[in-house]
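Peer 1: Questions regarding the structure given below will be posed in turn.
The values are calculated or read from the model by the stated rules, or taken from the named source; none is laboratory data. These numbers come from a predicted model, not from an experiment. Note that each Cβ is placed from the backbone with ideal geometry, even for glycine, and that neighbours are counted across all protein chains shown. SASA here: full protein model, heavy atoms, side chains in, ligands and nucleic acids out. Shrake-Rupley method; radii C 1.70, N 1.55, O 1.52, S 1.80 Å.
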Amino acid sequence: MKRILFILGPNLNMVGIRDRHIYGTETAESINDEVRKRAEQLGLELEIFQSNHEGDIIDRIHSAYGKKDGIMINAGALTHYSYALRDAIEAVQIPTVETHMSNIYSREDFRHKSVISPVCKGCIAGFGKQSYFIGLAALAELL
């Protein structure tokens, strides 16, 4: 069974409360439950980690080295400026899929650039919680 780490960055614990016109009203907890079920259906062992702290996310990526087969990440706003996060993903050499519930290219200009994309296998954005299901399927195929 392939082991996947699903990382959710800053403010993604507030899905269902924050920017409902973008993210919808379904709670982060409810979405995570569905993601766990989908991972199980794909034969993946899933760990979900959410933090609002960049250093905690970087530490969790580092600790995945040698223990996880793949990473799926929605880094939230860190996507657009965290070179430290980018370097952590690159360092561990674990196949990583970048995901976003919203279409980052149809939002504010600062969201159009992802500094983590170059070190990820691919990016899935704009499909709501389906982005996570597609990301899991992509990882299952990659691995």
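Peer 1: Suppose we keep only residues that are open to solvent by less than 30 Å² (accessible area, probe 1.4 Å) and of a type in the set (Gly, Ala, Ser) within segment 70-88. Which one would you say is farthest from MET101 (Cα to Cα)? Please lay out each step first, then the result.
Peer 2: Of segment 70-88, the ones open to solvent by less than 30 Å² (accessible area, probe 1.4 Å) are 70-76, 78-80, 82, 85, 88.
Subsequent filtering for residues that are of a type in the set (Gly, Ala, Ser) retains 70, 75-76, 82, 88.
Details: GLY70: 19, ALA75: 11, GLY76: 10, SER82: 19, ALA88: 22 Å.
For segment 70-88, the residue satisfying everything is ALA88.
Peer 1: Okay, moving on. Tell me which of these LYS67 doesn't satisfy, since it passes every other one: (1) in contact (Cβ under 8 Å) with a residue 24 or more places away in the chain; (2) over 14 Å from the mean Cα position of the chain (by Cα); (3) assigned to a helix (DSSP H, G or I).
Peer 2: Of (1) in contact (Cβ under 8 Å) with a residue 24 or more places away in the chain; (2) over 14 Å from the mean Cα position of the chain (by Cα); (3) assigned to a helix (DSSP H, G or I), only one is false for LYS67: (3).
Peer 1: Here are some residues: ASP33, ASP56. Which one is in a helix (DSSP H, G or I), more than 21 Å from PHE127 (Cα to Cα) and open to solvent by 60 Å² or more (accessible area, probe 1.4 Å)? If you could, list the steps in order and put the result at the bottom.
Peer 2: Working: ASP33 fails: more than 21 Å from PHE127 (Cα to Cα).
So the residue among ASP33, ASP56 that is in a helix (DSSP H, G or I), more than 21 Å from PHE127 (Cα to Cα) and open to solvent by 60 Å² or more (accessible area, probe 1.4 Å) is ASP56.
Peer 1: Of all residues in segment 94-142, count the ones that are open to solvent by 60 Å² or more (accessible area, probe 1.4 Å), of a type outside the set (Val, Ile, Thr) and either part of a helix (DSSP H, G or I) or over 14 Å from ILE73 (Cα atoms) (or both).
Peer 2: Number satisfying all stated conditions: 13.
Peer 1: Pairs needed: first member in segment 16-43, without any contact (Cβ under 8 Å) to a residue 40 or more places away in the chain; second member anywhere, of a type in the set (Val, Ile, Thr) and loosely packed, with under 13 Cβ neighbours inside 10 Å; C-beta distance under 8 Å; at least 6 residues apart or different chains.
Peer 2: Pairs found: GLY16/THR25; THR27/ILE17.
Peer 1: May I pose another question? Kindly indicate whether SER51 is within 19 Å of ASN13 (Cα to Cα), within 15 Å of the chain's Cα centre (by Cα), surrounded by 13 or more Cβ atoms within 10 Å (Cβ to Cβ) and at pLDDT 95 or above. So that I can check it myself, show each step before the final result.
Peer 2: On the way: within 19 Å of ASN13 (Cα to Cα): yes; within 15 Å of the chain's Cα centre (by Cα): yes; surrounded by 13 or more Cβ atoms within 10 Å (Cβ to Cβ): yes; at pLDDT 95 or above: yes.
Yes; evaluated as a whole, the condition is true for this residue.
Peer 1: Report yes if ILE22 is more than 17 Å from ILE116 (Cα to Cα), at pLDDT below 95, part of a helix (DSSP H, G or I) and of a type outside the set (Asp, Glu), otherwise no. It would help to see each step written out before you state the result.
Peer 2: Numbers: more than 17 Å from ILE116 (Cα to Cα): yes; at pLDDT below 95: yes; part of a helix (DSSP H, G or I): yes; of a type outside the set (Asp, Glu): yes.
Here the answer is yes, as ILE22 does meet what is asked.
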